[in-house]
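Everything on this sheet refers to the single structure shown next.
The values are calculated or read from the model by the stated rules, or taken from the named source; none is laboratory data. Computed from a predicted model, the values in this text were never measured in an experiment. Because the Cβ atoms are built from the backbone with ideal geometry, glycine has one as well, and the counts that use them run over all protein chains shown. Remember, those area values only see protein heavy atoms, side chains included, never the ligands or the DNA or RNA. Shrake-Rupley method; radii C 1.70, N 1.55, O 1.52, S 1.80 Å.
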Amino acid sequence: MTHVTERSSGGSGSSGGERQPWTAGSGRAGRSGRKRSVSYADAGVSIHAGERAVELLKSKVKGTRRPEVMGDLGGFAGLFRLDTTKYRKPILASSTDGVGTKLVIAQQLDIHDTVGIDLVAMVVDDLVACGAEPLFLLDYIACGEVVPDRVAEIGAGIADGCRYAGCALLGGETAEHPGVLKPDEYDVSATGVGVVEESEILTPERVEVGDVVIAMRSSGLHSNGYSLVRHVLLGAGRMRLDTVIEDFGRQRTLGEELLTPTKIYAQDCLKLIAEAEVRALAHVTGGGIPGNLVRILPDHVDAVVNRSTWKPQPIFDLVQAKGRIDDSEMESTFNMGVGMFAIVSAEDADRALACLAGRGVDAWQVGEVIEGTGEVQMIGQYTRG
């Protein structure tokens, strides 16, 4: 964080060390003959709490430092020295996103150290989808009331995500919004910047008939569709977050499943690009499999995706059954167990799968590219049981 605007525990203009009430008036002095001085803290904002949160985060942020980072936290802007000698024609890529209503689950459970990973994942995996290496990220945390330990937990998750992605947490902002957000409410967003050689940008034009479609398993729901999830499970379904769901295994509760952090694929995909002929990458977020895979197809081909090649995690079955949601709605809302797609040349398919397996990524050939009109053909039925 480079700047904080938050809430103080102390007051000003009071006698005997106690805060005195203030009321609007004509502007004349009261009975004491003194005017009541109003502070930022009286409006619900404290600088001191924010400064404490930054101090708690410093060691975590330092763990994300890259050689290109200049200076330290506390400046008006984060500085990053781009090594242009590594590129012939460097192109900067940028992405911005948030976590959405998954944050409501974190706030209800008072668990805040995982949503930062979700935030980073949503940004950096969009960057790598064009072939860009994530360089740095800036975050924004808006709170109803800044509680230093809670802000530090959120920030620690963001720092963890940046380490997994190989990018620097360059700075950010924590702001307190009393009267706008409730004391326990917060929202987060982030913007990331990456770089890619111009000739190596992944675009739909690179995709050819005969290419192979590879799926990379998601860690679960990731960070999409939570308004629907909360509606069908916690609203109409009246389920409790502390309910142990047998199908989840290991005495895992519903709340733990819903807070499973989003898988970060950035470093895996960069390694894959270096090892195999990758035509395109599709990050599966809102819009589901067909809505995101179609974004990397040229007009003269279709991508065939065979559902029978994988089994979605139990959480998807639970949501669909509780909400009586039809198949097309599920597939247009959720990732259904696939967080990232790679389209690779047929000759490099085995090499690509071996590369991902070597990095511990659960990946498999899910389909192929055929002549068509720029559409995604979903065939077969998911493996169940």
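From (1) assigned to a helix (DSSP H, G or I); (2) open to solvent by 50 Å² or more (accessible area, probe 1.4 Å); (3) of a type in the set (D, E, K, R); (4) over 30 Å from Glu205 (Cβ atoms), pick out the condition that doesn't hold for Lys271.
Against the list (1) assigned to a helix (DSSP H, G or I); (2) open to solvent by 50 Å² or more (accessible area, probe 1.4 Å); (3) of a type in the set (D, E, K, R); (4) over 30 Å from Glu205 (Cβ atoms), Lys271 comes up short only on (4).
Can you name the residue in the range 94-106 that is closer than 20 Å to Val193 by Cα and polar (S, T, N, Q) and is also surrounded by the fewest Cβ atoms within 10 Å (Cβ to Cβ) among such residues? So that I can check it myself, show each step before the final result.
Step one: filter the range 94-106 for residues closer than 20 Å to Val193 by Cα, giving 94-99.
Remaining after also requiring polar (S, T, N, Q): 94-96.
Working: Ser94: 12, Ser95: 22, Thr96: 14.
This residue is Ser94.
Can you pull out the residues in the range 356-385 that are part of a loop (DSSP other than H, G, I, E, B) and over 21 Å from Ala266 (Cβ atoms)? Working first, answer last.
Step one: list which residues in the range 356-385 are part of a loop (DSSP other than H, G, I, E, B), which gives 359-362, 372-375, 380-385.
Within the range 356-385, Gly372, Thr373, Gly374, Glu375, Gly380, Gln381, Tyr382, Thr383, Arg384, Gly385 qualify.
Can you find, within the range 218-249, the residue that is farthest from Glu277 (Cα to Cα) among those that are charged (D, E, K, R) and surrounded by fewer than 16 Cβ atoms within 10 Å (Cβ to Cβ)? Please lay out each step first, then the result.
Taking the range 218-249 first, the residues charged (D, E, K, R) are 230, 238, 240, 242, 246-247.
This time we only want the ones that are surrounded by fewer than 16 Cβ atoms within 10 Å (Cβ to Cβ), so: 238, 240, 242, 246-247.
Values: Arg238: 48, Arg240: 47, Asp242: 45, Glu246: 42, Asp247: 38 Å.
Step by step, filter the range 218-249, then rank; the result is Arg238.
Restricting to the range 107-139, name every residue that is open to solvent by 10 Å² or more (accessible area, probe 1.4 Å), farther than 26 Å from Asn292 by Cα and not in a helix (DSSP H, G or I).
Passing the criteria: Asp110, Ile111, Asp113.
Quick one: which residue in Leu353, Leu318 is more than 20 Å from Gly291 (Cβ to Cβ) and in contact with a strand residue (DSSP E or B) (Cβ under 7 Å, 6 or more places away or on another chain)? Give the steps one after another, and end with the answer.
Values: Leu318 fails: in contact with a strand residue (DSSP E or B) (Cβ under 7 Å, 6 or more places away or on another chain).
Only one candidate qualifies: Leu353.
For the range 250-268, what are the residues that are within 17 Å of Phe334 (Cβ to Cβ) and either open to solvent by 50 Å² or more (accessible area, probe 1.4 Å) or at pLDDT below 95 (or both)?
Lys263
Residues that are touching a residue at least 24 places away in the same chain (Cβ under 8 Å) and acidic (Asp, Glu): which strands (runs of 3 or more DSSP E) entirely in the range 150-237 hold 2 or more of them? Break it down into steps so the answer makes sense when it comes.
Values: elements: 168-176, 186-197, 212-217.
Strands (runs of 3 or more DSSP E) meeting the threshold: 168-176, 186-197.
Taking the conditions exactly as written (under 30 Å from Val232 (Cβ atoms), of a type in the set (A, V, I, L, M) and not in a loop (DSSP other than H, G, I, E, B)), does Leu353 satisfy them or not? Don't jump to the end; show me each part of the working.
Values: under 30 Å from Val232 (Cβ atoms): no; of a type in the set (A, V, I, L, M): yes; not in a loop (DSSP other than H, G, I, E, B): yes.
So Leu353 does not fit the description; no.
What are the residues in the range 78-93 that are open to solvent by less than 90 Å² (accessible area, probe 1.4 Å), in contact (Cβ under 8 Å) with a residue 12 or more places away in the chain and within 16 Å of Glu200 (Cα to Cα), if any? Walk me through it before giving the result.
The initial filter retains those residues of the range 78-93 that are open to solvent by less than 90 Å² (accessible area, probe 1.4 Å), namely 78, 80, 82-84, 87, 90-91, 93.
Right, trim to in contact (Cβ under 8 Å) with a residue 12 or more places away in the chain and you get 78, 80, 82-83, 87, 90-91, 93.
Result: Tyr87, Pro90, Ile91, Ala93.
Considering only the range 140-151, I want to know if a residue exists there that is crowded, with 23+ Cβ neighbours inside 10 Å and within 15 Å of the chain's Cα centre (by Cα).
If we filter the range 140-151 for residues that are crowded, with 23+ Cβ neighbours inside 10 Å, which is where we start, we get 141, 143, 146, 151.
The next check asks that each one be within 15 Å of the chain's Cα centre (by Cα); those that pass are 141.
The answer is yes; a qualifying residue exists.
Could you tell me which residue of the range 333-385 is most open to solvent (accessible area, probe 1.4 Å), considering only residues that are within 23 Å of the chain's Cα centre (by Cα) and small (Gly, Ala, Ser)?
That would be Gly360.
Identify all residues within the range 238-252 that are over 12 Å from Leu318 (Cα atoms) and in contact (Cβ under 8 Å) with a residue 60 or more places away in the chain; write none if there are none. Reasoning before the result, please.
Step one: of the range 238-252, the residues over 12 Å from Leu318 (Cα atoms) are 238, 240-244, 249-252.
The answer is Leu241, and nothing else.
Evaluate the following for Asp302: is it open to solvent by less than 30 Å² (accessible area, probe 1.4 Å), over 25 Å from Leu258 (Cα atoms) and charged (D, E, K, R)? Break it down stepwise before answering.
Working: open to solvent by less than 30 Å² (accessible area, probe 1.4 Å): yes; over 25 Å from Leu258 (Cα atoms): yes; charged (D, E, K, R): yes.
Yes; evaluated as a whole, the condition is true for this residue.
Which one of these does Leu281 not meet: (1) touching a strand residue (DSSP E or B) at 6+ places or on another chain (Cβ under 9 Å); (2) of a type in the set (A, V, I, L, M, F, W, C); (3) open to solvent by 20 Å² or more (accessible area, probe 1.4 Å)?
(3)
Could you list all residues from the range 176-217 that are surrounded by fewer than 18 Cβ atoms within 10 Å (Cβ to Cβ) and of a type in the set (A, V, I, L, M, F, W, C)?
Val180, Leu181, Ile201, Val209
Do you know which residues across the range 284-299 are open to solvent by 50 Å² or more (accessible area, probe 1.4 Å) and in a loop (DSSP other than H, G, I, E, B)? Show your work before the answer.
Of the residues in the range 284-299, the ones open to solvent by 50 Å² or more (accessible area, probe 1.4 Å) are 294-295, 299.
Selection gives Asp299 alone.
Which residues, taken from the range 311-342, are part of a helix (DSSP H, G or I), more than 28 Å from Leu297 (Cα to Cα) and out of contact with any Leu (no Cβ under 8 Å at 6 or more places or on another chain)?
Of all residues in the range 311-342, those part of a helix (DSSP H, G or I) come to 314-323, 327-333.
Filter again for more than 28 Å from Leu297 (Cα to Cα), leaving 314-315, 317-323.
Correct list: Pro314, Asp317, Gln320, Ala321.
For the range 301-326, how many residues meet the condition of being out of contact with any helix residue (DSSP H, G or I) (no Cβ under 8 Å at 6 or more places or on another chain) and either closer than 17 Å to Glu246 by Cβ or touching a residue at least 12 places away in the same chain (Cβ under 8 Å) (or both)? I'd like the intermediate steps shown before the answer.
Start the filter on the range 301-326 by keeping residues that are out of contact with any helix residue (DSSP H, G or I) (no Cβ under 8 Å at 6 or more places or on another chain), which leaves 301-302, 304, 306-313, 321, 324, 326.
Narrowing further to those that are either closer than 17 Å to Glu246 by Cβ or touching a residue at least 12 places away in the same chain (Cβ under 8 Å) (or both): 301-302, 304, 306-313, 321.
Looking only at that region, the number is 12.
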